[in-house]
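Student: Would you mind keeping the following structure in view while I ask a few things?
Rule-based calculations on the coordinates, nothing more; no lab input. Only a predicted model underlies this, so the values are computations on that prediction, with no experimental measurement involved. Here the Cβ is made from the backbone with ideal geometry for all residues, glycine too, and neighbour counts use every protein chain on show.
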Amino acid sequence: MIIVDKKGSPFEVNSFRSWDYPCLVAMYDAFVPKGSFQGMPPVVEEVRHKWIKGLVNVGENFLAWQEGKVIGHVVILPDFQKRDAEYLIFVSQAARGKGVGKALTDAAIGKVKDLRLKKVWLTVDAYNFRGIKLYKKAGFEMRREGSSMTERVMEMNMD
Ligand SMILES: CC(C)(COP(=O)(O)OP(=O)(O)OC[C@H]1O[C@@H](n2cnc3c(N)ncnc32)[C@H](O)[C@@H]1OP(=O)(O)O)[C@@H](O)C(=O)NCCC(=O)NCCS
């Protein structure tokens, strides 16, 4: 799907395909700041690549592309027993604030509905105002504190 960003430049959001892996790794290797979002993306290269591998092997992944490069990534990690999924999103620094995060989030929520899951949830740092604003606009609601003083859990019920 082709979308025009807030600066008038086109970008695409597509499901991850196995041969996209090197381009996804390239986005995370260039990502700044590393390790700043609850320790993600991991700073140490070997750990970071293992983390990416885990996300693409277990999750439902969507990538945003612009000029042949990956500029954003969203993944949902379904738990079919609980019928819910964890949601994670990263947009490269130069591509932020242009509507890429919203487009990726729409794709992820569409997949949650397709999978007939009941709930999608995320953890976010209480000071990540930009992220929290995106999530609230998408329909997530603040639920409770997470595993640390500054971590928050947000949820969206699908019914
Ligand atoms: C959080 C993040 C995913 C948002 O993606 P994005 O592409 O910048 O967001 P969008 O341009 O689609 O904006 C969507 C909404 O986010 C909020 N937002 C985006 N940029 C913002 C800014 N600079 N200040 C405040 N709110 C902002 C707004 O509500 C915006 O909606 P609006 O443009 O209609 O006002 C992105 O900034 C990012 O990857 N940050 C670093 C990693 C991160 O925080 N990941 C999440 C960890 S929990």
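Student: Calculated from DSSP H runs of 4 or more alone, at -39500 (n - 2.57) each and per residue, what is the 222 nm mean residue ellipticity of the chain, nearest 500?
Tutor: Helices in the chain give a 222 nm mean residue ellipticity of -9500 deg cm²/dmol.
Student: How many nm is it between the label spots at Trp51 and Ser36, if each spot is 7 Å from the Cα in line with the beta carbon?
Tutor: 1.4 nm
Student: Based solely on C-alpha atoms, express the radius of gyration and the Dmax of region 83-159 in angstrom.
Tutor: According to the Cα coordinates of region 83-159, Rg and Dmax are 12.4, 36 Å.
Student: If the cut-off is 18 Å between C-alpha atoms, which aspartates and glutamates fall inside it for Lys119, apart from same-chain ones fewer than 8 positions away?
Tutor: Cα-Cα hits under 18 Å: Glu60, Asp79, Asp84, Glu86, Asp106, Glu141, Glu145, Glu155, Asp159.
Student: Using just the C-alpha positions of region 2-73 as equal point scatterers, what log10 of I(q)/I(0) does the Debye formula give at each q in 0.14, 0.16, 0.19, 0.24 1/Å?
Tutor: Log-scaled intensity ratios, in q order: -0.46, -0.59, -0.80, -1.12.
Student: Report the relative contact order of region 75-159, percent, no decimals, based on alpha-carbon pairs under 8 angstrom and at least 6 residues apart.
Tutor: Once normalised by length, the contact order is 28 percent.
Student: While we're here: If one puts a single equal scatterer on every Cα of the chain and applies the Debye formula without solvent, what log₁₀ I(q)/I(0) results at q = 0.15, 0.16, 0.17, 0.18 Å⁻¹?
Tutor: Log10 I(q)/I(0), no solvent term: -0.80, -0.92, -1.06, -1.20.
Student: OK, next. Take Met158 and Ile2, extend 7 Å from each Cα along the Cα→Cβ direction, and tell me the distance between the two endpoints in nm.
Tutor: Spacing of the two 7 Å Cα→Cβ label points: 3.1 nm.
Student: Would you be so kind as to identify all helices of the chain, as entire DSSP H runs, whose Cα atoms reach 15 Å or more along the helix's own axis and whose mean Kyte-Doolittle hydropathy is at least 0.0?
Tutor: Helices meeting the criterion: 100-114.
Student: Something else: Counting only trypsin sites (Lys or Arg not before Pro) that sit in a DSSP loop (anything but H, G, I, E, B) with at most 15 other Cβ atoms within 10 Å, what is the longest stretch of the chain containing none of them?
Tutor: It works out to 18-81.
Student: Let me ask you something else. Please go through the residue pairs Lys50/Lys137; Lys7/Lys133; Lys6/Lys102; Lys82/Lys111 and name each one whose alpha carbons sit more than 23 Å apart in this structure.
Tutor: Lys50/Lys137
Student: Please return the longest range in the chain lying between exposed loop sites, taking chymotrypsin sites (Phe, Trp or Tyr not before Pro), DSSP loop only, at most 10 other beta-carbon atoms within 10 Å, and leaving the sites out.
Tutor: 1-79
Student: Using only the alpha carbons of region 68-110, what is the convex hull's orientation-averaged projected area in square nanometres?
Tutor: 3.4 nm²
Student: Taking only Cα atoms and a 10 Å spring cutoff, compute GNM fluctuations for the chain and point out the largest among Val58, Val70, Val91.
Tutor: Val58
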